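Accompanying notes for the structure given below.
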Amino acid sequence: MSGLGLQREECVVKSFEPRRDVPMVEQVTSRDERMEGGAHPRVAALQALGARLNQGPRVVAQAKLAASLGGRSPNAPIQRVGGAKFGLRVEDAARESAGHQRLREIHAAYKEEVKAGKAAAVADFDGHEDEIEAQTAYSHALENAELTPQGLVTRLGGDEDFSVAGDVISYQGAPLANILRGNAAYLLATPAAHGVANIYKKHTLEGPSDRDYVRVRGRMLRRQAWRGITPPERKALKEGRALTPMNRGHLTEGRLGYNFDASTGAPTPRVRNVGEGKVSDLEWLNTHANTQLDEIPNEPRLLSFLQTRKGVGKLLSARSTPGDITSNHGVGFSGYGEVEIDLARVPVANFVHHYKDEPFDAGELAEQVGRNHPSGPLRWETDRANETVLRNREIVLSEIPRAAVTNLTDTPARQAYEAEFALTYTRYFQEKYREVVFEETELDEPAPVPAPDAIPYIEDHYTQLQARTDGAHLIREASTRGSADAAERVAYINAWRKSYVIAWKRAYEEAAWESAVYDDEGNTAEIVVPEPRLPDHVGDGLGEAAGLSAGGADGILDGAAATRSGPASSSSSEQKQQSRGGQGEDDSDTDEPKVVDKRSTRKSKGGKREKKKSVRKT
């Protein structure tokens, strides 16, 4: 390589990682070459890294921890997160036997050993999330801290009652259980139907696992995933739309991504600043791959790599663990909320990359950008991308359907916004509601409390202060919606009153005829139907149709009752109100129905009454 080439490589390295003091030879040395010659390749690599960063002791300690976990050879090939996943199926005849119980105990002890290793790795990583060497050590620790078939077999070797031939575990010479590898470790639990993919469960010592899995490109992934969302994604979710990347449709163009206002959630394009490394993904790729591309090749593996190392909102990243994760700068991803995703409802075509896929390969990426060999920076970034995918159990998606989002967890800032907004909105809503109802009906009724899903929050706003700032929107919506709901109540009341009067009079007359007394000649007193007194309370309800129905029903009951006890008796609706709150008014001074003692009504030949001649309404 010429002196000019070396000088350029030096500038490139410094631009993307200014803290690293990397000797010139390291810039062009492959990962495999750096690992040669040491007693333990992984430890040797991390020792070199630690020495360069002047933090060797802690890094080496973490490296030793990473190398010691998992019970497999340090020269074994790197596995994806989850290692060599396997299942265990107990023979039916041996279930709940002494051998089954002993196998449970050994397996449980092995599992606790691995958990302790993970806990130690987490403890070492805590507080150092933004440090490159800590990220590397943590990724390798997770990579190794997994149950493996070989690890289990090794531990069974300490008990003379167990023997293993191939993948068959025997206890005291009798077959006990089978080690199941790959897809054979899983069974189909629920066939695909109604937009949900096949659901699988893993064979365990206790039978099918509680956890669900889906198969994506031949690899089993946990069914549930999580993603920290952006304000625009939250708004889309609340509006029933799919979650899509901000820069969707611009995959091959150079983009810088967005920042979001902490209160309004408004996206603002990031400002280019070469000195601070704030460049587009195209510029970043050209710098690290030593290319001069005008656009990014539309290759899924390359785009996924860029999403992992230089995410600018072209794809969506999720993780298969509910635990908190951080970026390479130690920053969390859930500052605006988090969603839970059912991967069984995500089309396979939407999976661009996932943590069980083959690791990114620097040589492959170099070929995709037209280079015969990867540069030193591209090799380094490729390793870092693989570590990130391992550490975060990352899943890269092109889109998340609305139906796949099963839960939203809001941040404290959003919860404070909604609490303040709802309190103020409810007050203005109720004031307007009562005002309209009283003006139209002269009834002073209590106003209802708006349902939570009926409150018109601005779905991408945050903080209590922002809720107060949204006052103009809040008051306008409260007035509009309060008036609209009141209009439905007014329609009900007016229809109720109209229907009540008609039904009351009809019922009164019918009941009066039923109780009429006739003399020997078939004559009876004239029936006089008075005007009913409208009750002070109207039943709950909204809309004209409901009012007509309820008013008619109440009118029939009250009209019939008034015939027996006088028209001034309490209505059925008033009686319901009184039973809740006290005594009714004294009705002793109200008018009784007038009865005219004239024999103006006679029986017809058939004994039927001639009502038209004997009814007088007042």
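The values are calculated or read from the model by the stated rules, or taken from the named source; none is laboratory data. Just so you know, these numbers come straight off a predicted model, no measurement behind them. Every residue, glycine as well, gets a Cβ built from its backbone with ideal geometry; the counts of neighbours run over all protein chains shown. Accessible surface areas use protein heavy atoms only, side chains included; no ligands, DNA or RNA. Shrake-Rupley method; radii C 1.70, N 1.55, O 1.52, S 1.80 Å.
Considering the range 433-453, and only residues there that are open to solvent by 40 Å² or more (accessible area, probe 1.4 Å) and in contact with an Asp or Glu (Cβ under 9 Å, 6 or more places away or on another chain), the residue that is farthest from Glu477 (Cα to Cα) turns out to be Phe438. Scanning the range 399-423 for residues being open to solvent by less than 30 Å² (accessible area, probe 1.4 Å), more than 15 Å from the chain's Cα centre (by Cα) and of a type in the set (A, V, I, L, M, F, W, C) gives a total of 2. Please tell me if Lys505 is within 21 Å of Ala553 (Cβ to Cβ), open to solvent by 40 Å² or more (accessible area, probe 1.4 Å) and in contact (Cβ under 8 Å) with a residue 60 or more places away in the chain. So Lys505 fits the description; yes. Going by the conditions given, is Ile229 over 19 Å from Lys85 (Cα atoms) and of a type in the set (A, V, I, L, M)? Spelling it out, Ile229 is indeed over 19 Å from Lys85 (Cα atoms) and of a type in the set (A, V, I, L, M).
Among the criteria (1) open to solvent by 30 Å² or more (accessible area, probe 1.4 Å); (2) within 30 Å of Leu548 (Cα to Cα); (3) at pLDDT below 95, the one Ala484 does not fulfil is (3). May I ask you to verify whether Ala242 is assigned by the TED database to the domain that holds Ala318 and either open to solvent by 20 Å² or more (accessible area, probe 1.4 Å) or without any contact (Cβ under 8 Å) to a residue 60 or more places away in the chain (or both)? Considered against the rule, which asks whether it is assigned by the TED database to the domain that holds Ala318 and either open to solvent by 20 Å² or more (accessible area, probe 1.4 Å) or without any contact (Cβ under 8 Å) to a residue 60 or more places away in the chain (or both), Ala242 comes out as yes.
Annotation note: of Asn259, Asn286, Asn273, the sole residue that is of a type in the set (S, T, N, Q), open to solvent by less than 30 Å² (accessible area, probe 1.4 Å) and without any contact (Cβ under 8 Å) to a residue 60 or more places away in the chain is Asn286.
Any chance the range 513-525 includes a residue that's farther than 24 Å from Glu445 by Cα, in a helix (DSSP H, G or I) and in contact (Cβ under 8 Å) with a residue 60 or more places away in the chain? The answer is yes; a qualifying residue exists.
Residue by residue, here is whether (1) assigned by the TED database to the domain that holds Val274; (2) surrounded by fewer than 19 Cβ atoms within 10 Å (Cβ to Cβ); (3) of a type in the set (A, V, I, L, M); (4) over 27 Å from the mean Cα position of the chain (by Cα) holds:
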| position | (1), (2), (3), (4) |
| --- | --- |
| Arg155 | no, yes, no, yes |
| Gln172 | no, yes, no, yes |
| Ala184 | no, yes, yes, yes |
| Val216 | no, yes, yes, no |
| Arg227 | yes, no, no, no |
| Leu237 | yes, no, yes, no |
| Arg255 | yes, no, no, yes |
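Answer yes or no: is there a residue in the range 378-389 that is touching a residue at least 24 places away in the same chain (Cβ under 8 Å), open to solvent by 20 Å² or more (accessible area, probe 1.4 Å) and among the small types (Gly, Ala, Ser). No; the residues of the range 378-389 include none that is touching a residue at least 24 places away in the same chain (Cβ under 8 Å), open to solvent by 20 Å² or more (accessible area, probe 1.4 Å) and among the small types (Gly, Ala, Ser).
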